[in-house]
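Have a look at the structure below, then the notes.
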Amino acid sequence: QVQLVESGGGLVQPGGSLRLSCVASGRIMFSINAMGWYRQAPGKQRELVARITNIGSTNYADSVKGRFTISRDNAKNTMYLQMNSLQPEDTAVYYCNEDPPYGFAAGTPYWGKGTPVTVSS
């Protein structure tokens, strides 16, 4: 069994900041696998916006590069996403998961409930 619990979302004005957290538990091998933050905006497919390897190497989607920072604490099985200079187009439900997502290879990817982020004035 795997649990991924995202938190930290909310309503923020354009230009504002939020810090998302993700706590992983269960059978997920957090300290070994690459992890990522994904988001799904209304009417759009879920996309990977930030990725971090087990040793801390990071990659970002062009749309968030320079504004978002992903980090992880393997001792706490926790991952973070610092989001600065938020824009309305960042509005989405944000999810954390392995990269590729847990269960993807078996055809049954697991997703947590996510945390909604709304950027609006």
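The values are calculated or read from the model by the stated rules, or taken from the named source; none is laboratory data. Because the structure is a prediction, the values reported are computed rather than measured. Here Cβ is always computed from backbone atoms with ideal geometry, including for glycine, and neighbour counts include all displayed protein chains. Accessible surface is based on the protein model in full, side chains and every heavy atom, while ligands, DNA and RNA are left aside. Shrake-Rupley method; radii C 1.70, N 1.55, O 1.52, S 1.80 Å.
The largest accessible area among 51, 19, 67, 27 belongs to the first residue in 27, 19, 51, 67, and the rest follow in falling order (1.4 Å probe, all chains). Note on residue 113: aspartates and glutamates with a C-alpha under 14 Å away, same-chain residues under 8 apart excluded, are 6. Would you tally the net charge around residue 90, using a Cβ to Cβ cut-off of less than 11 Å, leaving residue 90 out, and scoring K and R as +1, D and E as -1? Charge balance near residue 90 sits at +1.
With only Lys, Arg, Asp and Glu charged, each at its Cβ (+1 for the first two, -1 for the last two), find how big the charge dipole of the chain is about the Cα centre; round to the nearest 20 debye. Please list the in-between numbers first.
Numbers: 11 positive and 8 negative charges, 25 e Å.
Dipole magnitude for the chain comes out near 120 debye.
Within the shell defined by Cβ-Cβ distances under 13 Å, the residues around residue 33 carry a net charge of +1, with Lys and Arg each +1 and Asp and Glu each -1.
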